[in-house]
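Please read the structure below before turning to the comments.
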Amino acid sequence: MIRSGDLSKLVGDFVFRDRRIADQKSLGIHVFLADPEFKTLQHVATCGKVIGTIAALPLREGESITREAFFTRHLIAVSDMQHAAVREPGADRIRSFIACPILLSSMTLGVLNLFSDTRLEFSPTEINRVQILSALVAYEILNLERRVITRSPLSEDLGRVLRSAREELKLTQEDLAALVGTSRIALSGREAGSQPPSRGPLRRWAAALGLLGGGRAEIITVVDATPQLLEMLRRDPGRLSELSPEQFEILVAERLWRMGCSVQRTGATTLKDGGIDIIAVPKLAGVASFLLAVQVKHHRGSRPTGRDAVDRLLASQNTSFRLGMLVTNTRFTRDAIWTASRDPARHFLRLRDFADLTRWLHGVFVSDQEWREIPDSVKLAPGVLVQVPKPRFTEAGIVWPLKNT
């Protein structure tokens with residue numbers, strides 16, 4: 001017996017356009033399952049914006065998506081719809097729509113509809129994402145029906161689409177296996193469809209690819225900072241101000257992940273404890289492991305980040321956190337810089353501004369600038385001066401030319 005909540009939870013956690021479906025303001029999803037003869041569609045799940053219950057949506061005026069369209073594996077994406085055959089009042093507000101069949105080999109289980117009341121242009125990547133969600137829903141249906149899942153066209157399709165998601169992120173099988181907590185051989189078997197995972201491992205696999213969020217405090221090991229977005233920002237870092245605060249937070253989390261940290265966004269739950277937005281730890285656990293608290297300050301214009309943000313983050317000093325990092329897309333006021341440079345704050349705080357983000361966008365994470373808070377030597381006792389083992393970056397490709405911005 002498939003309950004609506006089972007599928008709604010999976011669909012709601014799916015990440016589309018850099019956020020969970022459940023957190024979208026203008027997007028919604030309906031999931032329908034078909035009877036064996038495909039005469040009726042049973043509505044089994046809804047998530048996101050509720051506009052109305054969709055019975056059918058036309059390819060052209062006067063036509064509807066039919067049983068034959070699903071059996072021929074058609075995926076329909078329509079923008080700026082003018083005609084919609086619907087049963088519920090208000091559903092005619094739909095402007096953009098993707099219909100994707102839920103397939104099990106040659107059999108169609110149902111249809112997944114993603115819709116919006118605003119006009120959206122769906123990119124090939126976004127259409128592919130809906131197909132990935134459809135594959136996850138099909139797999140979930142079999143799990144909920146307690147069917148034994150062996151190697152099949154479904155497991156092969158699932159492995160193929162998740163492999164494509166990994167390759168899009170430029171991750172090796174070894175990289176992803178480490179994030180999921182499995183071996184490269186096991187991951188290779190899942191991608192080939194020969195070792196179908198159970199529900200728990202599948203969700204961890206999808207979460208590591210940034211496909212499932214898991215709620216407001218989701219672990220962001222990989223996030224959907226698309227290559228197109230990163231390339232745009234590399235060409236014109238000034239457009240960082242055009243991002244939403246959430247998008248900027250996701251971007252910072254993704255860059256920290258690329259630096260070698262496992263990261264977790266905290267949402268709004270820690271506003272009373274320093275406004276910490278991201279928690280990070282080194283991926284390679286060892287004697288030098290530490291817990292990093294990150295506060296992210298985004299500004300639409302050129303307004304600098306002031307001392308108040310520094311003071312908030314300093315509230316986390318002398319707790320479980322060993323370092324605090326304050327990241328802004330503009331610059332810091334002199335008062336903020338002075339406060340962060342004084343004892344004991346200077347041993348805890350790291351300030352990163354527009355110039356640092358520019359380096360990060362180009363993948364320059366190792367440079368003299370990232371070591372600027374670490375002294376060249378420390379005095380252990382009177383007359384005992386020890387050099388700090390700092391690397392020296394002298395290669396032209398590593399040292400980043402700083403510019404006054």
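Every read-out reported here was derived from the displayed coordinates using simple, explicitly stated rules and does not represent laboratory data. Because the structure is a prediction, the values reported are computed rather than measured. No Cβ is skipped: glycine too gets one built from the backbone with ideal geometry, and neighbour counts run over all protein chains shown.
Quick notes on this one:
- For the range 190-207, putting each phi into the Karplus relation 6.51 cos²θ - 1.76 cosθ + 1.60 with θ = phi - 60° gives couplings of 5, 5, 7, x, 7, 10, x, x, 7, 4, x, x, 5, 5, 5, 4, 5, 5 Hz, in residue order, rounded to whole numbers and with x for Gly and Pro.
- nm² value of the averaged projected area, convex hull over the Cα atoms of the range 232-325: 6.7 nm²
- A simple packing score, the average count of other Cβ atoms within 10 Å per residue, orders the peptides 380-391, 316-327 as 316-327, 380-391, with the highest score first.
- Gyration tensor verdict on the range 304-364 (Cα atoms; rounded if a/c is under 1.5, prolate if a/b is larger than b/c, oblate otherwise): oblate
- Ordering of 231-237, 252-258 by burial proxy (mean other Cβ atoms within 10 Å per residue, highest first): 252-258, 231-237
- As computed over the range 227-387, the Cα convex hull volume per residue (Å³): 130 Å³
- Whole-Å distance, taken between Cα centres, linking the range 152-206 and the range 328-387: 39 Å
- Over the range 148-215, the Kirkwood radius and the radius of gyration, each from Cα atoms, give a ratio Rg/Rh of 0.93.
- Label-to-label distance, nm, for residues given as residue 25 and residue 43 (7 Å Cα→Cβ offset): 2.5 nm
- Exposure proxy ranking for 141, 29, 127, based on other Cβ atoms within 10 angstrom of each Cβ and starting from the fewest, stands as 127, 141, 29.
- Subtracting the Cα-Cα distance of residue 299 and residue 369 from 0.36 nm times their residue separation leaves 22.9 nm of extension gain.
- FRET efficiency estimate (nearest 0.05) - Cβ-Cβ, residue 188 to residue 385, R0 56 angstrom: 0.60
- For the range 241-344, share of DSSP beta bridges that run antiparallel, in % to the nearest 5: 55 percent
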